[in-house]
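Step one of this worksheet: look at the structure below.
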Amino acid sequence: MLGMLEQGGSFKIFLNLLEKQGFIPSVLVFGLHTPSQPYNKSEIFIKERITFGRLEHTRLAASLNLFRILTWANSRRKLFAAMSRVQPDHVHLLLHGLGFKHAFDWCRLHHVPYSLSVHDDIRHLAAFDLWKDRIESWAAEAWREPSTRFVISPEMGDEYSRRYGKRDWIQVTDGLDTIAPEPRPRAPKRLHVYFAGGLNVHYEPSFLAFQQGIKLFSREHPDWQVRFIVRGGRRLAGEDEAAPPIEVLPFGSQEEVLNDLGSVDLLYLPLSIDPQYANFAKFSLSTKMITYLGSGLPIFYHGPKESAAFQLLQKNHACFSCHSNDPQAISGALKNVELERYQTIENALQLGRRDFEIAEIRNRFWSALKFAESSC
């Protein structure tokens, strides 16, 4: 059984891991919203608490978690009942949301082995939650007891071993099925910047600053065609009507995103510079970054220097970067793209081939689970 499957990057990682395995796992999702992309018809969804529409996508969302106390016991009973019906031999948990706590307790009660994936730091996920201390203590328990631990980055594995107890871990993240054979050619005097993915609330200042940066760039290059294209975004309060607009496209399939890449020149990879989101940046690796690595296009990283993503990209000279929301600094960094474009893309492609081939990542994941099951 594969437990606690989430949407977004985690959903994409698990879909890639499950592909070509020749069996269909039972999937249980514990959260606020019915998944828009269920894994299969038998997927079980259990609602954590009552929800409040648009308020769930604002800064008030953390306060709304107070209402989980009204449904905590009932949702726990539902999850226990669902797992007992399935009768899994092995449970795979994602340390995200609070479903992991219930599933972890069920595994203990029924002496069923489980493995654990950590994609985002629990201190980031629970940062504004009034239960944050108890959530972290549950996460620490869940870290110490599984048969196998998978982490999205070495930084995450090292940090959790430091905080919650030294344990072995295996890095498993998203992977690449196809990698461009060489850097894509660039149209002259054109800068089409592209972002694909969810535009989180804490990214908003970075997007608005970047719009100001390309406004300065376009002023200094009046004969260039400059665009800022966001696949899966939304309109932002504070957009500058005098700047190249943020062109919003609806969420698209992987095929649509790959098709978009044929007409863009630079891939935008933002992480919030705000210190309150530091734990997200330090330890997580974006699935978007991995897709970008195989594209044959240059990556523009816009975020803190301390992030796991930037440390990996910088070590391999695989991106251009700016670590400030100062429009002048952004514009200046964009000018560097032309100077070392080809070699930087080639470095990114080599990194993708070396570390993120999906066949190798799948083998690492399933080999570890099979070994864990045989040892039980």
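The values are calculated or read from the model by the stated rules, or taken from the named source; none is laboratory data. None of these values were measured; they are calculated from a predicted model. Using ideal geometry, Cβ is built from the backbone for each residue, glycine included, and neighbour counts are taken over all protein chains shown.
Summary table
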item: Matching residues in region 3-54 - criterion: being among the β-branched types (Val, Ile, Thr) and either within 27 Å of MET289 (Cα to Cα) or part of a loop (DSSP other than H, G, I, E, B) (or both); result: ILE13, ILE24, VAL27, VAL29, THR34, ILE50, THR51
item: Near pairs, Cβ below 6 angstrom, 6+ apart or cross-chain, from region 254-266 (in the same structural domain as PHE195 (by TED's automatic domain parsing)) to any residue that is among the small types (Gly, Ala, Ser) and surrounded by 16 or more Cβ atoms within 10 Å (Cβ to Cβ); result: VAL257/ALA196; LEU261/SER295
item: Scope region 174-196; condition surrounded by fewer than 22 Cβ atoms within 10 Å (Cβ to Cβ) and either closer than 22 Å to ARG54 by Cα or in contact with a Ser or Thr (Cβ under 7 Å, 6 or more places away or on another chain) (or both); matching residues; result: ALA180, HIS192
item: Residue among LEU258, LEU216, LEU191 that is at pLDDT below 95 and either among the β-branched types (Val, Ile, Thr) or on the phi < 0 side of the Ramachandran plot (or both); result: LEU258
item: Condition met for SER321 (of a type in the set (Gly, Ala, Ser), within 22 Å of the chain's Cα centre (by Cα) and closer than 20 Å to ARG190 by Cα); result: yes
item: Residue list for region 80-111, filter: crowded, with 17+ Cβ neighbours inside 10 Å, small (Gly, Ala, Ser) and farther than 19 Å from PHE150 by Cα; result: ALA82
